[in-house]
Structures are given as structure tokens and as C-alpha cells.
1. Heads up, I need the accessible area for THR21: 1.4 angstrom probe, whole protein in place, Å², nearest 10.
2. Return the subset of LYS43/LYS133; LYS58/LYS130; LYS30/LYS133; LYS30/LYS58; LYS43/LYS130 for which the Cα-Cα distance in this structure is over 30 Å, preserving the input order.
3. Rank ARG42, ARG77 by accessible area, highest first, at a 1.4 Å probe radius?
4. Subtracting the Cα-Cα distance from 0.36 nm times the residue separation, let me have the gained length for ALA135 to ASN20 in nm, one decimal.
5. When the chain is modelled as a GNM with alpha-carbon springs shorter than 10 Å, which of GLY101, GLY121, GLY79 fluctuates the most?
6. With a 1.4 Å probe and every protein chain left in place, work out the accessible area per residue of region 1-79 in Å², rounded to a whole number.
7. Quick one: accessible surface of GLU18, probe radius 1.4 Å, all protein chains present, in square angstrom to the nearest 10.
8. Roughly how much of LYS80 is accessible, in Å² to the nearest 10, using a 1.4 Å probe?
Amino acid sequence: MGRHEQREQVFKLLFRVEFNTPEDMPEQIKLFMEDNEEITYRKDVDYISERVAMIQEKIPELDKLLDDNTEGWDTARMGKVELTILRLAAYEIIYDDEIPGSVAINEAVEIAKKYGQETSGGFVNAILGKIIKLAK
């Protein structure tokens, strides 16, 4: 499984954070992995699970960062798809030195176009454009 596919699986699993308590997430991860025919290798299971746990741990910081860089929006008002994508990409921009910021933004926009509304790609791009300037 390539990075793009892994990132998309992380997005799908991270989306569950909005609908489950932190205590329920280990069970959600287990169910997600068991029911997912796209994830066939142990290394992918490990990468996706670890990535979701790392992002979940940083959600308070990521949400503050998102709130501070949006005008007229805050994380409580954002669509859950867009919020999940923004958390994933902001994590990659701020905390992952292996992923260039431009790649994180491009991937986020592609996921937003696939899973979000018609305007999601532009919304995600605008917010991440502000965040990447802070990371430099």
C-alpha cells in the first residue's frame, strides 16, 4: 500500500474520532482493520494505527491551530469530513518532518475533493495555506 492509500485509510479511521469516545477508539481501530479488505499487510495496519493514535493525541493542539487560522469558522462549525482532513494535514505539516508541506496540502485537497462537498477542496487549501506559513 502506498503513502496515498495509507493516508486515505488514516483519514477514514480518524473520522471515527468524531463519533466515539477516546476509550472506544481502540475497539474502533480493531473493527476498522478487521472489516477493511484494502489493508492486507501488517506493516500497513501498524502504520495506520500508530498514525491515528499520534494525531488523536494532538487533537487539542491541532484544533487550536485550526481555530486560530480560520476567519468566521471554528472547529465546532466545520463539517466532520473537512475537520478530519484538516487535522490530518495540519499534523503532517507541523509534526512530520518526512512529509513536505506541499505534499500534505495536495493530498488533503485530493481527499477533500473525493469525500467532501464541492467546495471542500478550496476550503481545506485556504486554511492549510495559512498553516504552512507558520511552519516555516
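1. 60 Å²
2. On the way: LYS43/LYS133 33 Å; LYS58/LYS130 19 Å; LYS30/LYS133 37 Å; LYS30/LYS58 21 Å; LYS43/LYS130 33 Å.
Violating the 30 Å limit, Cα to Cα: LYS43/LYS133; LYS30/LYS133; LYS43/LYS130.
3. On the way: ARG42 165, ARG77 140 Å².
Result of the area sort, largest leading: ARG42, ARG77.
4. Details: separation 115, 0.36 × 115 = 41.40 nm, distance 3.03 nm.
Between ALA135 and ASN20, full extension yields an extra 38.4 nm.
5. Greatest mean-square fluctuation among the candidates belongs to GLY79.
6. Numbers: 4700 Å² over 79 residues.
For region 1-79, the per-residue accessible area is 60 Å².
7. Accessible area of GLU18: about 50 Å².
8. 70 Å²
The values are calculated or read from the model by the stated rules, or taken from the named source; none is laboratory data. Just so it is clear, the model here is predicted, and its values are computed rather than measured. Positions of Cβ are backbone-derived with ideal geometry, glycine not excepted, and every protein chain shown enters the neighbour counts. Protein only, heavy atoms only, side chains kept; ligands, DNA and RNA dropped before computing areas. Shrake-Rupley method; radii C 1.70, N 1.55, O 1.52, S 1.80 Å.
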